[in-house]
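One structure is given here, and the rest of the page talks about it.
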Amino acid sequence: MSSHSWPSCYEHWPNLSKAIDAVAVRPIRWSDRENIREWRNQQIDVLRQQDQISTEQQDQYFSQILEPLMGVTHPSQFLFGIELDARLIGYGGLTNIDWAAKRAELSFLADTKILKTPAYKEIMIIFIKIISEFAKNQFGLHQIFTETYTQRVGHIEILESAGFRHETFLADRAIINGESVNSQIHNLKLV
């Protein structure tokens, strides 16, 4: 796989790019894969990821899972790069899409450097706004949900500031560093 053969858009959904101020959201690219791998490995404690991801595993995931989904009418997920001033600073999208029930899970992750900046919350709220517009206006979804480990207080604050409502707690969802971790489910109704 090379950047020359990677699709520039989701074939059946060509209008999935949008910018608000300096924040742009566009379909994921082959060139994003190494940054995403590094961010996921650096933040493994807040993800439902068990092991470090190797370069080979990431390449395989992009070429065998993500690339084919870009040509499907109703993919199980849409992933996007998040850019600030044309520089990739995160990624996210809609996963576990249930087209019949018209719902999907929202997921996003940012570069660890951007997490420490005052602009992080505002950038992610813009990202959620754009993804919510795609979900409602282009995909016809009725709701978006998230599951977040409770220790991710800043992440939960972003969700709630973007209009998500706390739905429930789930006890003992993971063991991280030998400790049991709870999670919260948040929901955003789009209709």
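The values are calculated or read from the model by the stated rules, or taken from the named source; none is laboratory data. Since this is a predicted model, take the numbers as computed values, not measurements. Here the Cβ is made from the backbone with ideal geometry for all residues, glycine too, and neighbour counts use every protein chain on show. What goes into the accessible areas is simple: the full protein's heavy atoms, side chains included, and nothing from ligands, DNA or RNA. Shrake-Rupley method; radii C 1.70, N 1.55, O 1.52, S 1.80 Å.
What's the number of the condition Val181 fails, among (1) in contact with a His (Cβ under 8 Å, 6 or more places away or on another chain); (2) among the β-branched types (Val, Ile, Thr); (3) under 19 Å from Ile44 (Cβ atoms)?
(1)
Restricting to region 90-104, give me the number of residues that are in contact (Cβ under 8 Å) with a residue 24 or more places away in the chain, open to solvent by 10 Å² or more (accessible area, probe 1.4 Å) and not aliphatic (A, V, I, L, M).
Residues that pass the stated criteria total 4.
Anything in region 93-111 that is at positive phi and part of a strand (DSSP E or B)? List them, or say none.
The answer is Gly93, Asn96.
Which residues, counting only those in region 152-170, are surrounded by 13 or more Cβ atoms within 10 Å (Cβ to Cβ) and basic (Lys, Arg)?
The answer is Arg152, and nothing else.
So which residues in region 110-147 are crowded, with 19+ Cβ neighbours inside 10 Å and farther than 19 Å from Leu16 by Cβ, if there are any at all?
Those that are crowded, with 19+ Cβ neighbours inside 10 Å and farther than 19 Å from Leu16 by Cβ: Ala110, Asp111, Tyr120, Thr146.
For region 38-57, give me the residue count where each residue is part of a helix (DSSP H, G or I), modelled with pLDDT under 95 and open to solvent by less than 60 Å² (accessible area, probe 1.4 Å).
Residues flagged as part of a helix (DSSP H, G or I), modelled with pLDDT under 95 and open to solvent by less than 60 Å² (accessible area, probe 1.4 Å) within region 38-57 amount to 5.
Can you name every residue in region 58-88 that is in contact (Cβ under 8 Å) with a residue 24 or more places away in the chain, within 25 Å of Thr117 (Cα to Cα) and open to solvent by 30 Å² or more (accessible area, probe 1.4 Å)?
Leu84, Asp85, Ala86
In a helix (DSSP H, G or I) and farther than 19 Å from Tyr91 by Cα - does that describe any residue in region 112-120? Working first, answer last.
So in region 112-120, the residues in a helix (DSSP H, G or I) come out as 112-115, 120.
Add one more test, that the residue is farther than 19 Å from Tyr91 by Cα, and what stays is none.
No, region 112-120 contains no residue that is in a helix (DSSP H, G or I) and farther than 19 Å from Tyr91 by Cα.
For region 149-191, which positions are within 24 Å of Pro118 (Cβ to Cβ), in contact (Cβ under 8 Å) with a residue 60 or more places away in the chain and of a type outside the set (Lys, Arg)?
Tyr149, Gln151, His155
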